[in-house]
1. Give the separation of the Cα centroids, the stretch 101-180 to the stretch 294-309, in Å.
2. Please state the Cα pair-distance histogram of the stretch 1-135 with 5 angstrom bins from zero: what percent is in each bin?
3. Provide Rg over Rh for the stretch 292-388; use the alpha carbon set for both Rg and the Kirkwood Rh (inverse mean inverse pair distance).
4. So what's the stretch 47-97 giving for Cα Rg divided by 2.2 N^0.38 Å, two decimals?
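Computed from the coordinates by the stated procedures, all read-outs in this text should not be read as laboratory data. Keep in mind it's a predicted model, so treat the numbers as computed, not measured.
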Ligand SMILES: Cc1cc2nc3c(=O)[nH]c(=O)nc-3n(C[C@H](O)[C@H](O)[C@H](O)COP(=O)(O)OP(=O)(O)OC[C@H]3O[C@@H](n4cnc5c(N)ncnc54)[C@H](O)[C@@H]3O)c2cc1C
Ligand code: SF4
Ligand code: SF4
C-alpha cells in the first residue's frame with residue numbers, strides 16, 4: 001500500500017503508521033483521533049483505569065512506582081542519559097524479546113524518522129536520540145507476518161501506543177512490551193523547519209534540542225556549541241500554527257497505555273522521570289535498574305496562576321521582547337514550579353490550549369474526544385472567550401452510543417449582543433455531554449455550569465438563558481427560555497427541528 005494514501009482521521013491524523021499496514025482494517029476502532037477510548041485501553045493494559053480522585057493518577061495515569069533516574073554511564077548521543085536505548089539493548093541481550101520497534105533517522109536527514117524492527121543491539125543504538133517529528137512507527141507492523149518475531153518491545157509516543165494497544169490481540173505476538181515516552185507539540189518535518197528558523201540563531205546546524213524543566217529550549221549545534229532560548233521569548237504568533245493538528249487535539253501527553261514511561265517532565269533539571277504502570281513495566285525496568293542512579297520524585301511551587309496567565313497570553317498571541325523574556329525566564333526558573341508541579345504546569349497548559357483548539361476547529365468532536373481526566377483538569381481554568389466569527393446559527397448534530405448531543409454554534413449580534421459558541425443537551429445525562437455544557441457554561445460566564453442554579457453574568461441587555469445543567473438533561477427547559485427572546489426565535493426553531501428528529505419530548 002502506498003504510504004499515506006489512507007488516512008481516515010483526515011487533518012487530525014498523527015501519521016502513527018497504522019494505516020500503512022494491513023491493520024488499517026481496524027482503523028475505525030483503533031485510531032486515537034477517531035475513537036477516544038482511554039478507559040478501556042488502560043484497563044486492557046493495566047487491569048484498571050486511572051483513579052480520577054487521586055491527583056497523581058489524574059495527571060500521570062495508572063502507576064505503581066514513580067521516580068527520577070540517570071544512567072550511571074550516560075549513553076553518548078542519546079536524548080538524555082539513554083535509559084530508553086539501553087533498555088532496548090538489554091531486552092535483546094537478555095532474550096526478553098526478539099525485536100525492538102524503534103526509530104532510526106533517514107540517511108539523508110537527521111530529523112526525518114525511519115522506524116525499524118531492530119533485531120540487534122547495534123540497530124537499537126542507531127535509533128537513539130529523538131527525531132522530533134511525526135513518525136509512522138506502526139507502519140513496520142507490516143513486516144511482522146513471516147518474520148519469526150513473537151516477542152516485541154515497542155518504543156513510541158502516546159498516539160502510537162493507543163493504536164497499538166487497540167490492535168495488539170490481532171498481531172500474532174506471544175509477548176508485547178510497551179516502553180512509552182511522554183510527547184507534546186510534535187510537528188511535521190516542514191513544521192520543524194519553521195520552528196527552528198523562528199527560534200534558533202542557526203537553524204541549519206541544530207542536531208538536538210529539548211524543551212527543558214528550566215523553562216528554556218536547549219539547542220545543540222553540529223560544532224558542539226549550545227544555545228538556550230527562554231520559552232517566554234517564543235514567537236507565539238508564528239508558532240501558533242506550527243504544531244500538527246493531531247498534537248493540538250492530543251491529550252495523551254504521558255503515554256497512558258504504556259507499561260513503562262521514560263521522560264523528563266516530572267523530574268528536576270537534568271534528571272529523567274520514570275513511571276512504572278504495571279508489572280510488565282517493572283519487568284522492563286529490571287533490565288536496567290542496577291545501572292541507574294535514582295532519587296525520589298519531588299514537587300515545589302504553585303502552577304495555577306501561571307497557567308491561567310499563559311492561557312490568556314497565548315490566546316492574544318503575545319510575544320515578549322527578548323530582554324523581558326530573559327527576565328521572566330530567570331524569575332520563573334527561580335520561583336516557578338519544579339518536579340511534579342512542573343509536569344502538572346505543562347499538562348494544564350497543553351490540555352487547556354488543546355481543548356480550546358478543538359472547540360474552535362472541531363466543535364463536533366469535543367465532547368467525545370476529550371477524555372474524562374482532561375475534562376477534570378481543563379475545568380479548573382477559565383478558557384478564552386469564543387470569537388464572534390459567525391452570525392448565522394449553525395447546528396452540528398453528533399451521535400454517540402448513549403446520547404444525542406447537539407452543538408449549536410452561533411453568534412447573535414443585534415440590540416443586545418449575546419455570543420454563544422455552543423449549547424449542548426441530551427435526553428440522558430452523560431459525563432461527556434455535561435462537560436461540554438460546563439465548558440461552554442464557563443464561557444457564558446456561569447461560575448458552575450453544572451450547578452442546578454448557576455449564577456449568570458450576561459452582556460448588557462441580559463438574555464435570560466437558564467441553567468446549562470438543565471439544558472443538558474431537559475431539552476424542553478433549554479428551549480423555552482431561548483424561545484422567549486425575539487432574537488432567539490430562529491435558533492430555537494432550528495434547535496427544535498434538530499431535537500425532535502433525535503428524540504421525542506412533549507415540548508419538542
Ligand atoms: C517527539 C517526542 C516528544 C517528546 N516530548 C516530551 C515531553 O514533552 N516531555 C517529556 O518528559 N518527554 C518527552 N519526550 C521524551 C524525551 O525527550 C526522551 O526521549 C526520553 O526521556 C528518553 O530519553 P533517553 O535519553 O532515554 O532516549 P534515547 O536513548 O535517546 O532514545 C530515544 C528513543 O526515542 C525513539 N524515538 C525517536 N524519535 C521518535 C519519534 N518521533 N516518535 C517515536 N519514538 C521516537 C527512538 O526509537 C529511541 O528509542 C519526547 C520524545 C519524543 C520522541
Ligand atoms: S493517526 Fe494512525 S490510525 Fe489514525 S488515520 Fe493516521 S495513520 Fe491512521
Ligand atoms: S503530541 Fe500526541 S498526537 Fe502528537 S505525536 Fe505526540 S502523542 Fe502523537
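1. Taking the Cα centre of the stretch 294-309 as reference, the centre of the stretch 101-180 is 33 Å away.
2. Over the stretch 1-135, the share of Cα pairs per 5 Å bin runs 2, 9, 13, 13, 17, 21, 17, 8, 2, 0 percent.
3. Working: Rg = 15.7 Å, Rh = 15.1 Å.
Result: Rg/Rh = 1.04.
4. Values: Rg = 15.3 Å, N = 51, 2.2 N^0.38 = 9.8 Å.
That ratio works out to 1.56.
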